[in-house]
Every structure is written in C-alpha cells, then in structure tokens.
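Below is one structure, written out as structure tokens; the observations come after it.
No value in this document is a laboratory result; all are computed from the given coordinates. Only a predicted model underlies this, so the values are computations on that prediction, with no experimental measurement involved. Backbone-built Cβ (ideal geometry, glycine too); neighbour counts: all protein chains shown.
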Amino acid sequence: MEKAADNTISLYNLAKDHKNENGIICSCETLGLINQKIGRDSVAVELFSEGMNLLKKKKNEYRYLTQFICNVIESELRLDRLASARHHLIFLKDHIDKIKNGYFGTDPLFPYLRCFVLLKSYDVILNVKAKNEKGARQSMDQVTPLINGLTDDYAKAYFLYSKAIYYMYVKHYDKALLEINKEIEMEQSFAPMKLRAEILYKMGNLKESVFQYQELLR
C-alpha cells in the first residue's frame, strides 16, 4: 500500500503540474481507495471529492462519476458524517434516475441492479446510525429478494456488511457475525475486519476480538 501510494502521489503531482484533469481524476481515485483500505477515510473523502467535482463537468463520464459518489458515501458513513452522506445519497439516486431517463443518452448495459443494491445498503447503514431501525429494515428487505440475481461481488459483499451493521444494532450478534464472516470471505479489508472485532467484543468473545484487532494493526 505504501509503495502504491508513493507511486500514485508522483503521478498526481505530475498531473497537477501539467493541468491534466484525467490524470488528476485517476490519481484521486487510486489514492482515495488506498486511504480507504487502510482506514484513513477523512483523507479518502478529500481525494474522492476532488475527482468527483472534476467529473461533474464531464457529461460523458457519468458512469465514472457514479463510482466516485459511491466511494465518497462509503467513507462518509464510516466517519459518521451523516448529513453529508445523506446529501450524497440523494445525489446518487437523482444521478441514477437521470441515467435511467436517458439524460446522458441510451445506456441499456448500465448496472442498475448493482447501483440499487449499493444505494439501499448505504441507506441501511445511514438509518442505523440515525437510530431509525424501521427505515434500515425496510431498505434491507427491498434488497434481499434481488440479491440472488446480482452478479457483482462487491455489491454483494457490501450488502452483507450493511446487514451485519443492522444485526449488531438490534443486538442479534450471532446473525451479525454470520453476515460479516461471509463478507470477509469475499473481501478482506479494514472496515469489515474492524466490524468483526466489534461484534466479537459485544458477544463477550474477548480473545477472538483481540486477535482480530491485532490483525488490523499488522
């Protein structure tokens, strides 16, 4: 990660020097994802926001913009920046509706199901953090019957992550642990591993919780 970050910072600075917007956008995405992976979400938000603001001016890059909005929301949720996450969630929904309505041209291959699953997964987490159990459950229930038809592993994994957060909130720790274990099997990264440690701690399994935190520190 450190080597990847160093190389990308060099590219980012080079793109800045040459005022190359595409280079800046790509570097912002890579650096943002690196910082997101290691739990530095405040830095990730700044980088994603810079790239997102440049992409807003490029109408033909609406797919790329969709990904940036998702990245920003994910980091904002982990930082508990709920007002900003809610704002970007509304922006994401409006953006997807524009794509569906042909604002950017016809795009029958756009991954609507993937975007819907992510949108509702973000809403689950946002409602949990806002202590709206009913709203979280409704969003979760909207996705559950569709998940088998989803081929995107990242969206599936993120939905499992959101379910684990919901079940931990309602104190169904066994279910929460089951969902986060399935998520970690698909994607090992900082946020789900940290959540697994928190769930284990809540369950009173201190030894396993400590082991998980030690893994995060390596």
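Just tell me which lysines come within less than 18 Å, Cα to Cα, of residue 19; anything on the same chain fewer than 8 places away is out.
Within reach: 56, 57, 58.
Using the structure shown, list the pairs from 16/93; 175/202; 98/163; 156/182; 163/194; 59/93 with a Cα-Cα distance above 20 Å, or answer none. Could you put the intermediate results ahead of the total?
Values: 16/93 31 Å; 175/202 13 Å; 98/163 28 Å; 156/182 10 Å; 163/194 15 Å; 59/93 17 Å.
Among 16/93; 175/202; 98/163; 156/182; 163/194; 59/93, the Cα-Cα distance tops 20 Å for 16/93; 98/163.
So how tilted is helix 21-37 from the main axis of the chain? Cα-based, degrees 0 to 90, rounded to 10.
10 degrees
Positive end of the charge dipole of the chain (Lys, Arg +1 and Asp, Glu -1 on Cβ, about the Cα centre): tell me which of 105, 9, 24 has its Cα farthest that way.
Towards the positive end, the residue furthest out is 105.
Based on DSSP H runs of at least 4 residues, each adding -39500 (n - 2.57), what is the mean residue ellipticity at 222 nm of the chain after dividing by all its residues, to the nearest 500 deg cm²/dmol?
Mean residue ellipticity at 222 nm (helix-derived): -25500 deg cm²/dmol.
In degrees between 0 and 90, to the nearest 10, how far off the longest principal axis of the chain does helix 112-129 point, with axes built from Cα atoms?
Taking the Cα atoms of the chain, the angle to 112-129 is about 50 degrees.
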